[in-house]
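Remarks on the structure that follows.
The values are calculated or read from the model by the stated rules, or taken from the named source; none is laboratory data. No experiment lies behind these values; they were computed from the predicted model shown. Please note: Cβ atoms are built from the backbone with ideal geometry, for glycine as well, and neighbour counts cover all protein chains shown. The protein model used for the area step is the full one, side chains on, heavy atoms only, and it has no ligands, DNA or RNA in it. Shrake-Rupley method; radii C 1.70, N 1.55, O 1.52, S 1.80 Å.
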Amino acid sequence: MLIIIFKLDNIISIKDFDREDIEYILDEAVKLEDIAKSKEICEDLKGKILGCMFFEPSTRTRLSFEASMKRLGGDYIGLSNVGNSSVSKGETIADTAKMFEAYCDVLVIRNELEGVSKFVSDIVDVPVINAGDGAGQHPTQTLLDLYTIRKEYGHIDNLKIALIGDLKYGRTVHSLANALTLFNNIELYFVSPEDLKMPKEILHDLDRTNIIYRELENIKDVIDIVDVLYVTRIQKERFTDLEEYLKIKGAYIIDKNLINNKNLIVMHPLPRIDEINEDVDNTPYNKYFIQAFNAVPVRMAILKTLVKK
Amino acid sequence: MLIIIFKLDNIISIKDFDREDIEYILDEAVKLEDIAKSKEICEDLKGKILGCMFFEPSTRTRLSFEASMKRLGGDYIGLSNVGNSSVSKGETIADTAKMFEAYCDVLVIRNELEGVSKFVSDIVDVPVINAGDGAGQHPTQTLLDLYTIRKEYGHIDNLKIALIGDLKYGRTVHSLANALTLFNNIELYFVSPEDLKMPKEILHDLDRTNIIYRELENIKDVIDIVDVLYVTRIQKERFTDLEEYLKIKGAYIIDKNLINNKNLIVMHPLPRIDEINEDVDNTPYNKYFIQAFNAVPVRMAILKTLVKK
Amino acid sequence: MLIIIFKLDNIISIKDFDREDIEYILDEAVKLEDIAKSKEICEDLKGKILGCMFFEPSTRTRLSFEASMKRLGGDYIGLSNVGNSSVSKGETIADTAKMFEAYCDVLVIRNELEGVSKFVSDIVDVPVINAGDGAGQHPTQTLLDLYTIRKEYGHIDNLKIALIGDLKYGRTVHSLANALTLFNNIELYFVSPEDLKMPKEILHDLDRTNIIYRELENIKDVIDIVDVLYVTRIQKERFTDLEEYLKIKGAYIIDKNLINNKNLIVMHPLPRIDEINEDVDNTPYNKYFIQAFNAVPVRMAILKTLVKK
């Protein structure tokens with residue numbers, strides 16, 4: 001029997017994962033679905049404490065980590081929305097992290113500065129999970145995105161996936177594009193206005209792999225062939241020219257009419273504003289609410305794997 | 001053997017209850033008293049999570065729901081005092097509720113808009129509890145008020161109950177008056193200044209029942225005959241004429257001298273400012289601190305009944 | 001067999017402790033170390049709830065109490081950083097405390113006013129723990145300081161201990177000096193600038209005991225003989241003359257060079273700013289991170305002892 005071992009001690013960047021690591025987490029998450037839905041009771045992490053250091057606000061990520069730890073029988077302490085880079089006036093992040101290490105068995109960190117969670121993982125002895133640092137990585141979001149795709153299609157290989165919206169600043173689409181290079185025969189479509197195209201660095205990363213991608217401005221050009229429509233919000237604030245924003249905005253709103261009779265699923269990391277029309281909510285295309293739920297089994301799998309290691 | 005079944009799937013308004021439903025909850029609460037006082041350990045809701053969406057501040061209601069869930073062996077996640085109608089800037093309440101549904105087994109909602117908890121209960125698959133919406137309903141407060149009365153007198157039927165203070169804006173007195181129509185031979189006395197009388201709609205509701213009520217301005221007219229004095233605060237802000245406020249204010253302050261040698265109990269939903277003098281605290285008339293405690297067994301009964309259903 | 005009984009029902013001031021009480025808590029804490037590190041699971045306080053009323057901000061104290069209660073299998077509800085002296089506008093602290101009493105099995109209070117926790121302990125029936133009131137007492141900090149010293153040296157008697165920094169306003173050094181009078185053959189060195197010397201009242205307290213103390217301005221005069229260097233921060237705001245502050249500041253910064261080859265440990269209640277140079281962090285002199293961890297077994301010992309009593 002082949003024993004698969006999860007190789008990482010911290011979850012800092014999706015780039016640290018190979019395909020086997022990703023599949024390990026997704027397979028664990030499958031086993032935890034019933035506990036995530038509270039159909040079964042779990043005591044695997046009884047007596048363990050998750051510490052959340054959230055320097056930026058993040059309701060969704062924080063609440064889902066908290067719920068995940070509690071579903072596993074563990075508990076939670078935390079700081080949310082500290083609002084600056086330090087807890088006590090003038091204390092370094094290092095000292096704050098050492099405090100959390102003293103009270104907890106695993107840390108989750110969100111900070112506006114790229115690299116903070118890597119830095120913390122180097123100075124504490126408990127596992128560290130990056131829950132978003134600046135425009136950098138948000139690896140657990142990527143894992144739950146992959147989990148959602150696999151849950152719906154049974155596989156990730158051989159899919160055509162459109163990422164649509166703000167591809168320049170959205171960290172979820174960067175991480176997801178990176179991760180998809182580990183799978184076979186993927187075709188990516190990057191659908192964005194000219195000003196919000198996928199950054200050159202990401203494209204260079206992709207060029208070094210076998211993945212096929214195409215950049216375009218109108219989702220209609222590929223709507224008939226894609227399997228996954230991964231939607232992100234276009235923020236008005238990104239545009240210097242408001243007229244430009246108003247002109248292009250409509251082209252990036254997904255509604256029932258656009259996707260009717262297509263063979264695809266619609267995903268979104270949430271929260272959404274109006275980039276997915278509410279008339280999609282009650283269609284079978286809507287996978288974004290299931291994707292929101294999937295945060296729980298996937299984050300449970302990560303917590304359990306790291307703490308038990 | 002007669003099996004009583006609790007008929008509601010959500011707790012939205014006390015008007016949805018019949019007498020049997022109310023008594024079901026009160027009877028369950030009696031059984032949970034020892035657990036509420038932590039004389040016994042309970043694991044009935046182990047693995048279950050309560051989600052609290054509090055858009056308005058409410059220390060007392062939130063903490064008692066949290067304590068109630070934890071006494072039952074369950075756990076809690078929540079947002080308190082979000083301060084506006086949405087969690088993430090621009091997200092709809094519907095999407096926020098769908099997020100909570102994904103992480104929790106039961107939701108408690110407080111919002112300044114009447115009807116929000118009903119709306120949410122229509123779009124999520126977990127039970128929803130209204131913890132106060134606008135000037136509307138606060139049904140769990142009413143249940144714990146009824147529980148307190150029954151605990152002290154052994155019954156609710158045949159009692160004379162004075163509601164005193166701001167009867168115009170106070171949602172607890174509206175709900176309580178509604179609920180008391182389900183009991184037999186109740187006499188209600190509505191004691192308030194002219195400007196803060198019980199709203200016409202509530203009186204019309206009462207007129208359609210057999211309940212006897214009387215409106216008056218001075219508690220002294222009925223102090224010798226009432227069994228329950230239910231006190232609420234008169235807020236200065238309600239008066240356009242400050243002199244008017246100062247003139248009437250004293251008539252709505254309950255002190256030891258007023259109630260001495262009477263045969264009654266004093267209740268208050270709390271917090272109080274000065275409408276009950278502190279010299280009442282150490283008398284046997286004081287049932288408002290017990291009433292505060294009763295929030296726990298009653299909310300435990302509600303949570304357990306809905307989650308186990 | 002001699003049965004030692006812990007005599008206090010509330011933890012208000014370190015002055016209420018005799019040596020036996022202190023050693024009782026320290027001995028209990030030793031037994032709880034493995035649970036504090038989550039090497040063992042504990043259910044001793046299962047079903048019990050700790051209530052935290054924190055009117056002043058205190059991340060470290062609050063999180064360590066919360067973690068301690070959870071390590072013991074109990075749970076937590078609380079208010080943090082209420083920011084003024086009352087929870088609901090106009091409600092008295094007494095009424096707020098009665099609410100917490102109704103929901104909890106033990107209360108922890110921090111308030112800017114000296115005497116608040118004593119006052120609350122007189123009106124509620126659950127144990128009360130003072131987590132800092134004004135410039136007064138912070139007894140659980142003192143207990144964990146003593147625990148840290150004993151853990152490193154095996155005893156507290158016969159040690160030479162320097163308290164350095166702001167000795168005028170720092171409540172931790174006041175409580176610690178008081179407590180050390182209960183031990184034998186202690187020598188204390190109070191190292192501070194002229195303006196921040198140990199208050200006369202504390203010195204008078206010490207004069208009534210057998211303890212030996214000396215006041216000085218420069219740590220170098222005793223660095224070769226002390227066993228413990230207990231460092232606290234000098235706040236710029238304490239000085240009316242900024243130049244004065246800048247002139248003396250450097251004399252109260254501990255760095256590796258100062259302590260190299262000495263036979264001592266460095267402690268600090270944390271958070272620190274720059275009064276201990278980071279080059280001390282990775283030396284064996286650094287006991288301040290262990291001291292931070294020690295908060296957990298010591299507060300666990302206190303919670304368990306009071307709740308089980």
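Does a label point 7 Å from the Cα of A:GLU114, set along Cα-to-beta-carbon, have any residues of region A:195-230 with amide nitrogen under 19 Å, and which are they?
Those under the cut-off are A:196-208.
Assuming R0 = 25 Å, can you tell me the calculated FRET efficiency for the pair A:LYS37 and C:LYS46, based on Cβ-Cβ distance, to the nearest 0.05?
Values: r = 25 Å, r/R0 = 0.99.
My answer for the efficiency is 0.50.
Over region B:139-292, what percent of the accessible surface lies on carbon and sulfur atoms, probe 1.4 Å?
Details: 2840 of 6800 Å².
Here it works out to 42 percent.
Under 5 Å between amide H atoms, partner at least 5 residues away or on a different chain: which partners does A:ILE265 have, H built in plane at 1.01 Å?
Sorted by chain and number, the residues that satisfy this are A:VAL228, A:LEU229.
Please give the calculated 222 nm ellipticity per residue for chain A, where each DSSP H segment of at least 4 residues contributes -39500 (n - 2.57) and the sum is spread over every residue; nearest 500 deg cm²/dmol?
Details: 10 runs with 116 residues, N = 309.
The helix-only estimate for chain A comes to -11500 deg cm²/dmol at 222 nm.
At what distance in angstrom do the alpha carbon centres of region C:231-309 and region A:175-232 lie from each other?
Comparing the Cα centres of region C:231-309 and region A:175-232, I get a distance of 52 Å.
Looking at chain A only, what percent of DSSP beta bridges run antiparallel? Nearest 5 please. Each step should come with its number before you reach the end.
Values: 0 of 34 bridges.
Once the DSSP bridges in chain A are tallied, antiparallel ones form about 0 percent.
Rounded to whole Å and sorted largest first, what semi-axes of the equivalent ellipsoid does the C-alpha gyration tensor of chain A yield via the square root of 5 times each eigenvalue?
Details: eigenvalues 206, 104, 68 Å².
Value: 32, 23, 18 Å, ordered largest first.
Given region C:139-292, report the % of alpha carbon pairs whose separation exceeds 27 Å. Write out the running numbers ahead of the final one.
Details: 1843 of 11781 pairs.
The share of Cα pairs beyond 27 Å in region C:139-292 comes to 16 percent.
Mind checking how much accessible area C and A bury in total, 1.4 Å probe, in Å² rounded to 100?
Answer for the C-A pair: about 2000 Å² buried.
Non-local amide H neighbours of B:ARG110 (under 5 Å, H modeled in plane, Pro and chain starts lacking H): which ones?
Residues meeting the amide H criterion: B:MET53, B:PHE54, B:PHE55, B:GLU56, B:ALA131.
Take a quick pass over region C:139-292 and tell me how many lysine pairs come in under 18 angstrom between Cα atoms, counting only ones 8 or more apart or on separate chains.
Pairs that pass both the separation and distance tests number 21.
Find, among the residues of chain C, the one whose Cβ sits nearest the axis of the rotation taking C to A; state the distance in whole Å.
Closest Cβ to the C-to-A rotation axis, residue and whole-Å distance: C:ASP75, 5.
Based on Cβ point charges of +1 for Lys and Arg and -1 for Asp and Glu, what charge dipole magnitude is obtained for region B:139-292 about its Cα centre, in debye rounded to the nearest 20?
Around 340 debye, computed over region B:139-292.
Above 23 angstrom, tally the Cα pairs of region A:24-181 and express them as a % of all pairs, no decimals.
On the way: 5388 of 12403 pairs.
The answer is 43 percent, as a whole percent.
Give the accessible area for A:PHE289 in Å² (nearest 10); use a 1.4 Å probe, count only protein heavy atoms, and leave out ligands, DNA and RNA.
40
Divide the volume of the convex hull of the Cα atoms of the protein assembly as shown by its number of residues and quote the answer in cubic angstrom per residue.
In the protein assembly as shown, the Cα hull volume divided by residue count equals 236 Å³.
Give a residue-ordered list of calculated ³J(HN,Hα) values for region C:287-300 (Karplus: 6.51 cos²θ - 1.76 cosθ + 1.60, θ = phi - 60°; whole Hz; x for Gly, Pro).
10, 6, 6, 5, 4, 4, 5, 4, 3, 6, x, 5, 5, 4
Pairs of alpha-carbon atoms within less than 8 angstrom and 6+ residues apart define the contacts here; what relative contact order does region C:139-292 have, in percent? Mind dumping the intermediate values first?
Values: 245 pairs, mean separation 36.5, N = 154.
That works out to 24 percent.
Every other copy gets compared here: list the nm distances from the A:ASP16 label point (7 Å along Cα to Cβ) to its counterparts, shortest first, one decimal.
List, nearest first: 4.7, 4.7 nm.
Could you report region B:139-292's accessible area per residue, 1.4 Å probe, as an integer in Å²?
On the way: 6800 Å² over 154 residues.
It amounts to 44 Å² per residue over region B:139-292.
Stretched out fully, how many nm does the piece from B:ASP195 to B:TYR153 gain, at 0.36 nm a residue minus the Cα gap?
Working: separation 42, 0.36 × 42 = 15.12 nm, distance 3.24 nm.
In short, 11.9 nm is gained.
Amide H to amide H under 5 Å from A:ILE11: which residues, 5+ apart in sequence or cross-chain, H placed 1.01 Å off N in plane?
A:VAL128, A:ILE129, A:ASN130
From the phi angles alone, apply the Karplus equation (6.51, -1.76, 1.60; θ = phi - 60°) to region B:176-182 and give each ³J(HN,Hα) in whole Hz, x where the residue is Gly or Pro.
5, 4, 4, 5, 5, 5, 7
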